[in-house]
1. As a quick test, which of the pairs Lys48/Lys123; Lys123/Lys153; Lys98/Lys123; Lys32/Lys155 have an alpha carbon distance above 18 angstrom in this structure?
2. As I understand it, the dipole of the range 14-185 uses +1 on the Cβ of Lys and Arg and -1 on the Cβ of Asp and Glu, about the Cα centre. Which of Ile86, Phe65, Val183 lies farthest toward its positive end?
3. Arranged by the count of other C-beta atoms within 10 angstrom, fewest first, what order do Ile86, Ile199 take?
4. Go through the range 160-197 and name the chymotrypsin sites (Phe, Trp or Tyr not before Pro) that are in a DSSP coil and have 13 or fewer other Cβ atoms within 10 Å of their Cβ.
5. Sorting Ser175, Ser96 on the 10 Å Cβ count, fewest up front, what's the list?
6. Can you give the charge dipole size of the chain about its Cα centre, rounded to the nearest 20 debye, using +1 on the beta carbon of Lys and Arg and -1 on the beta carbon of Asp and Glu?
7. Which ordering of Asp26, Asp186 is given by a fewest-first count of other beta-carbon atoms within 10 Å?
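No value in this document is a laboratory result; all are computed from the given coordinates. As the structure is a computational prediction, the values presented were derived from the model and not from experiment. A quick note on method: Cβ atoms are made from the backbone with ideal geometry, for glycine too, and the neighbour counts reach across all protein chains shown.
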Amino acid sequence: MKKLLIALTLLSSGLAHADAVDALRDFARDVKSGKANFTQTVTAPDGKRKKTSSGSFEFERPNRFRFVYAKPFEQTIVADGSKVWIYDADLNQASSRKLADALGATPAALLAGANLERDFTLKALPVDGGIDWVQAVPRQAESTIQLLKLGFKGKELAAMEIVDGFGQRSRLDFSAVQANVPVTADRFQFKLPAGADLIEQ
């Protein structure tokens, strides 16, 4: 589930601050579907140990998305609008749970959900590394997330950063972002591979 938590600054003018928040609002309102590649870096609370993975991300509002981790381990996370499925290729094991139980005020909800302003309080942060950052604070108490930020370059989604309740930091950097491109419905349907175990929660 940490990967599902896997996908949220400006030192200049107040107008620029508004633009960073507006970029996220525009993304939530105008981008109905999309595709991107990502590289994820997970840093331990001590700041020393790091793990890197990469893969692809597809989504269609509301509440349909597909994360595929390709390296170093294969894992697929699919939300079909009612359930979230997580498949670990090495274990040949899948688990599923109701979308409402799995999503809540999470990064995936921020990217693919339908109620940005209802679920999150938004605040512009200083520019960092050429990226305009927006902090998204869940309106309901969410013990599994300390911090959630989304980064934009202009109107394009560039990065996401999450700090979980244990102080572990996950950062996803997006590339080859394609907004409002068609994504076929079967991409959000999970089919249990032959011989795989299924754990339903």
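1. Values: Lys48/Lys123 29 Å; Lys123/Lys153 16 Å; Lys98/Lys123 30 Å; Lys32/Lys155 14 Å.
Where the Cα-Cα span goes over 18 Å, the pairs concerned are Lys48/Lys123; Lys98/Lys123.
2. Checked the options; the winner is Ile86.
3. On the way: Ile86 21, Ile199 10.
Result, fewest neighbours first: Ile199, Ile86.
4. When the chymotrypsin sites (Phe, Trp or Tyr not before Pro) of the range 160-197 are filtered for loop state and at most 13 Cβ neighbours within 10 Å, Phe166 remain.
5. Numbers: Ser175 10, Ser96 20.
Ordered by Cβ neighbours within 10 Å, fewest first: Ser175, Ser96.
6. Numbers: 27 positive and 24 negative charges, 24 e Å.
It comes to approximately 120 debye.
7. Values: Asp26 13, Asp186 7.
Ascending Cβ contact count within 10 Å gives the list Asp186, Asp26.
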